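Colleague: Take this structure first; my questions come after.
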Amino acid sequence: MAKALKKQGRPLSFDEIAKIIGKDVGAVAKAALWLKNKGLIEVEEKEKKIFKLGEEGKIYSEKGLPERRLIDELEKAGGMLKLEDLRNKLGAKEFNIAISWARRKGWVTIEKSPEGVFVKLLNKPQEIPEEKVLNLLKEGEKKLEEIPEELRDACLSLATRPNVVEAEVEKIHLMKPTEKLLKLDDSILEEREVTRLTQSLIASGEWRKVKFSKFDIYAPTPPVFASKRHPLRELIKIIKEIFVEMGFEEIRGPLVELAFWNFDALFQPQDHPAREMHDTFYLAEPERGDLPSHLVKPVKEVHENGGDTGSIGWRYKWSEEEARKLILRTHTTATTIRYLADHREPPVKVFSVDRIYRNERIDWKHLAEFHQIEGIVMGENVSFRDLLGLIKEFYAKLGLKNVRFRPSYFPYTEPSAEAVAYLEDKKTWLELIGMGIFRPEVTRPLGVKHRVLAWGGGLERLALALYDLDDIRVFYGNDLNWIRRMPSTLLKRRIGLI
Ligand code: PHE
């Protein structure tokens, strides 16, 4: 290739040289890169315009340009026609196009008189260069250079008219031999360079004479996208591993849940605002499910009068029908309380990282479908301090070392708190999780005698902070480019796991 370039002594396109040396364009491009790196050629990118007739242009090339037909009609009529008549002859669309061009070129004028509006021929063009262009393009597409110079303006002007002439841009790469190449001794170019040591090279002894080409380890290669976990799933996996490391077992529960488990069993009164439609998704079909019959009475009593807990309850009439409603669970606490009802003896140490649903307006920090991190610990001697320590340790393992607690409120815990973490780089506090000790009004109806530490909070906002992003929707956008570009080890590195 270098030899061919040197011999020709002028810039050649990839296509041209491919023809000369009998190789495909891909091989030429590769070789060009090599020569460029050696300073033997310069590669210049040029744009070439190709013109061809559009749909409208094909019609014009048969019937004539609208402005030509307008002139013809005027001539036939003796140089003047009523605007209305002319429009009827040409059709409204073509007339509009024709009159605007004919006036712009000074061929016609519009005159108003008491008899009406008239179009008058001022001077008849002999030749319209646009017509010649149409004729030329009728033969097939043409490159700009193939169009006679005096017609190029007309061609460009036609290209501005919708669907008349279409211009396509083709990129071509020109290789220019540099001084270095031109001065290079021909014998060097004669030298045979091989990229692979073959059996025949060895057998013939030819290998002694050939030159082995060096590998260019900086040559660009096509990007390879290895499969990997979605960034959110990567975080979920890390969280699950942390829980397991801390001695927890994973539990899962249904996405379609009874209001009973989501709210009632958690001592959330039936008129609580969170239960309303604008916060919670209710199922239309089936509308209701069956309650765990042995728990109906104790839960009803605890809501109405506190049962045997010493509490006075919420003091209203508890409705079984309301509790039987089916919803999409609004928190994973529905799942932990379900589990607790079946596991009443200590020790219990379980977690879940799972999907929940809320009737939210979607924006940069809200989704209607997201995940919560949740867990409970039940033991004979567990305390609120244990809970704080556990949460602190959990988030420290996620790289959040500066965690603080502040008092909070949930209908099902007492005391209740909320954990926040300080984000050094953003200089802000991030809300992590709600927590507390389940109230007797929650545990007693289930027959649980020991203290239960409970916590739950969002996953996605934590993910935003850990990935340093500012819009929660990117996790669900299925933007392959984003997913591909996200290094699979980024999170582990940030958290300090690797
Ligand atoms: N369920 C609460 C929420 O969705 C979090 C929580 C869980 C609070 C367990 C206390 C105990 O925000």
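Colleague: Looking only at the range 375-399, count how many residues are within 13 Å of the ligand (Cβ to nearest atom) and either of a type in the set (Phe, Trp, Tyr) or under 29 Å from the mean Cα position of the chain (by Cα) (or both).
Modeller: Counting residues in the range 375-399 that are within 13 Å of the ligand (Cβ to nearest atom) and either of a type in the set (Phe, Trp, Tyr) or under 29 Å from the mean Cα position of the chain (by Cα) (or both) gives 1.
Colleague: Among the candidates Ile373, Ile433, Ile437, which residue alone is assigned to a strand (DSSP E or B) and in contact with a Lys or Arg (Cβ under 6 Å, 6 or more places away or on another chain)?
Modeller: Details: Ile373 fails: in contact with a Lys or Arg (Cβ under 6 Å, 6 or more places away or on another chain); Ile433 fails: in contact with a Lys or Arg (Cβ under 6 Å, 6 or more places away or on another chain).
Going through Ile373, Ile433, Ile437 in turn, the sole match is Ile437.
Colleague: Can I ask one more? Got a sec? Which of Leu197, Leu184 is out of contact with any Pro (no Cβ under 9 Å at 6 or more places or on another chain), hydrophobic (A, V, I, L, M, F, W, C), more than 30 Å from Arg494 (Cα to Cα) and open to solvent by 50 Å² or more (accessible area, probe 1.4 Å)?
Modeller: Leu197
Colleague: Filter the range 57-84 down to residues that are farther than 15 Å from Ile110 by Cα, open to solvent by 20 Å² or more (accessible area, probe 1.4 Å) and of a type in the set (A, V, I, L, M, F, W, C), then give me how many there are.
Modeller: 2
Colleague: Let me ask something additional. Mind listing whichever residues of the range 145-189 are part of a loop (DSSP other than H, G, I, E, B) and farther than 15 Å from Asn135 by Cα?
Modeller: To start, the set of residues in the range 145-189 that are part of a loop (DSSP other than H, G, I, E, B) comprises 147-148, 160-164, 178, 184-185.
Residues satisfying the conditions are Thr160, Arg161, Pro162, Asn163, Thr178, Leu184, Asp185.
Colleague: Let me ask something additional. Find all pairs meeting these conditions: Cβ atoms under 9 angstrom apart; at least six residues apart or on different chains; first residue within the range 205-234 and open to solvent by less than 100 Å² (accessible area, probe 1.4 Å); second residue assigned to a loop (DSSP other than H, G, I, E, B) and among the small types (Gly, Ala, Ser).
Modeller: Every condition considered, the pairs that remain are Ala226/Ser488; Lys228/Ser488; Pro231/Ser488; Glu234/Ser488.
Colleague: Checking the conditions here, which among Arg355, Arg385 is open to solvent by 30 Å² or more (accessible area, probe 1.4 Å), at pLDDT 95 or above and in contact with a Ser or Thr (Cβ under 9 Å, 6 or more places away or on another chain)?
Modeller: Arg355 is the lone residue from the list that is open to solvent by 30 Å² or more (accessible area, probe 1.4 Å), at pLDDT 95 or above and in contact with a Ser or Thr (Cβ under 9 Å, 6 or more places away or on another chain).
Colleague: Continuing with this model, one more query. Taking only the range 405-417 into account, find how many residues are in a strand (DSSP E or B), near the ligand (Cβ under 8 Å from one of its atoms) and of a type outside the set (Val, Ile, Thr).
Modeller: The qualifying residues number 2.
Colleague: Same structure, new question: So how many residues does the range 470-498 have that are over 18 Å from Lys240 (Cα atoms) and either touching a Pro at 6+ places or on another chain (Cβ under 6 Å) or surrounded by fewer than 19 Cβ atoms within 10 Å (Cβ to Cβ) (or both)? Working first, answer last.
Modeller: The initial filter retains those residues of the range 470-498 that are over 18 Å from Lys240 (Cα atoms), namely 470-487.
Next, only the ones that are either touching a Pro at 6+ places or on another chain (Cβ under 6 Å) or surrounded by fewer than 19 Cβ atoms within 10 Å (Cβ to Cβ) (or both) stay: 470-471, 473, 476-487.
Of the residues in that region, 15 qualify.
Colleague: Criterion first (open to solvent by less than 10 Å² (accessible area, probe 1.4 Å) and under 30 Å from Phe260 (Cβ atoms)) does Ala417 satisfy it?
Modeller: It is true that Ala417 is open to solvent by less than 10 Å² (accessible area, probe 1.4 Å) and under 30 Å from Phe260 (Cβ atoms).
Colleague: Something else now. Which of the helices (runs of 4 or more DSSP H) found entirely inside the range 251-355 contain at least 1 residues meeting this: away from the ligand (no atom under 16 Å from the Cβ) and aliphatic (A, V, I, L, M)?
Modeller: Values: elements: 259-262, 293-304, 320-323, 333-342.
Those helices (runs of 4 or more DSSP H) span 293-304, 320-323.
Colleague: Which one is most open to solvent (accessible area, probe 1.4 Å) among residues in the range 363-374 that are within 13 Å of the ligand (Cβ to nearest atom) and over 23 Å from Thr443 (Cβ atoms)?
Modeller: It comes out as Phe370.
Colleague: Would you call Arg439 open to solvent by less than 60 Å² (accessible area, probe 1.4 Å) and basic (Lys, Arg)?
Modeller: For Arg439, the condition - open to solvent by less than 60 Å² (accessible area, probe 1.4 Å) and basic (Lys, Arg) - is met.
Colleague: Take the residues in the range 448-469 that are assigned to a strand (DSSP E or B) and either closer than 15 Å to Met486 by Cβ or open to solvent by 10 Å² or more (accessible area, probe 1.4 Å) (or both); name whichever of them is nearest to the ligand (Cβ to nearest atom).
Modeller: Within the range 448-469, the match that is nearest to the ligand (Cβ to nearest atom) is Gly456.
Colleague: When you look at Glu131, is it modelled with pLDDT of 90 or more, acidic (Asp, Glu), within 30 Å of Gly78 (Cβ to Cβ) and surrounded by 10 or more Cβ atoms within 10 Å (Cβ to Cβ), yes or no?
Modeller: Taking the combined requirement at face value, the residue satisfies it.
Colleague: Can you name the condition, by its number, that Glu424 falls short on among (1) away from the ligand (no atom under 11 Å from the Cβ); (2) open to solvent by less than 60 Å² (accessible area, probe 1.4 Å)?
Modeller: (2)
Colleague: Just to be sure I understand, how many residues within the range 341-352 are open to solvent by 40 Å² or more (accessible area, probe 1.4 Å), touching a residue at least 40 places away in the same chain (Cβ under 8 Å) and either touching a strand residue (DSSP E or B) at 6+ places or on another chain (Cβ under 8 Å) or within 23 Å of Leu462 (Cα to Cα) (or both)?
Modeller: Counting residues in the range 341-352 that are open to solvent by 40 Å² or more (accessible area, probe 1.4 Å), touching a residue at least 40 places away in the same chain (Cβ under 8 Å) and either touching a strand residue (DSSP E or B) at 6+ places or on another chain (Cβ under 8 Å) or within 23 Å of Leu462 (Cα to Cα) (or both) gives 1.
Colleague: Select from the range 1-22 the residues that are surrounded by 15 or more Cβ atoms within 10 Å (Cβ to Cβ), under 43 Å from the mean Cα position of the chain (by Cα) and not small (Gly, Ala, Ser) and list them in ascending order.
Modeller: If the condition is that a residue be surrounded by 15 or more Cβ atoms within 10 Å (Cβ to Cβ), under 43 Å from the mean Cα position of the chain (by Cα) and not small (Gly, Ala, Ser), then Met1, Pro11, Leu12, Phe14, Glu16, Ile17 are the ones that fit.
Colleague: Further, regarding this structure: For Ile202, state whether it is out of contact with any Phe, Trp or Tyr (no Cβ under 6 Å at 6 or more places or on another chain), without any contact (Cβ under 8 Å) to a residue 60 or more places away in the chain and part of a loop (DSSP other than H, G, I, E, B).
Modeller: Answer is no for this residue.
Matching residues to (1) touching an Asp or Glu at 6+ places or on another chain (Cβ under 8 Å); (2) under 22 Å from His331 (Cα atoms); (3) of a type in the set (A, V, I, L, M, F, W, C):
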residue: Leu459; (1), (2), (3): no, yes, yes
residue: Ala463; (1), (2), (3): no, yes, yes
residue: Ile472; (1), (2), (3): yes, yes, yes
residue: Phe475; (1), (2), (3): yes, yes, yes
residue: Asn478; (1), (2), (3): no, no, no
residue: Asn481; (1), (2), (3): no, no, no
residue: Met486; (1), (2), (3): no, no, yes
residue: Leu491; (1), (2), (3): yes, no, yes
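The values are calculated or read from the model by the stated rules, or taken from the named source; none is laboratory data. Since this is a predicted model, take the numbers as computed values, not measurements. Every residue, glycine among them, receives a Cβ derived from its backbone with ideal geometry; neighbour counts consider all protein chains shown. Accessible surface areas use protein heavy atoms only, side chains included; no ligands, DNA or RNA. Shrake-Rupley method; radii C 1.70, N 1.55, O 1.52, S 1.80 Å.
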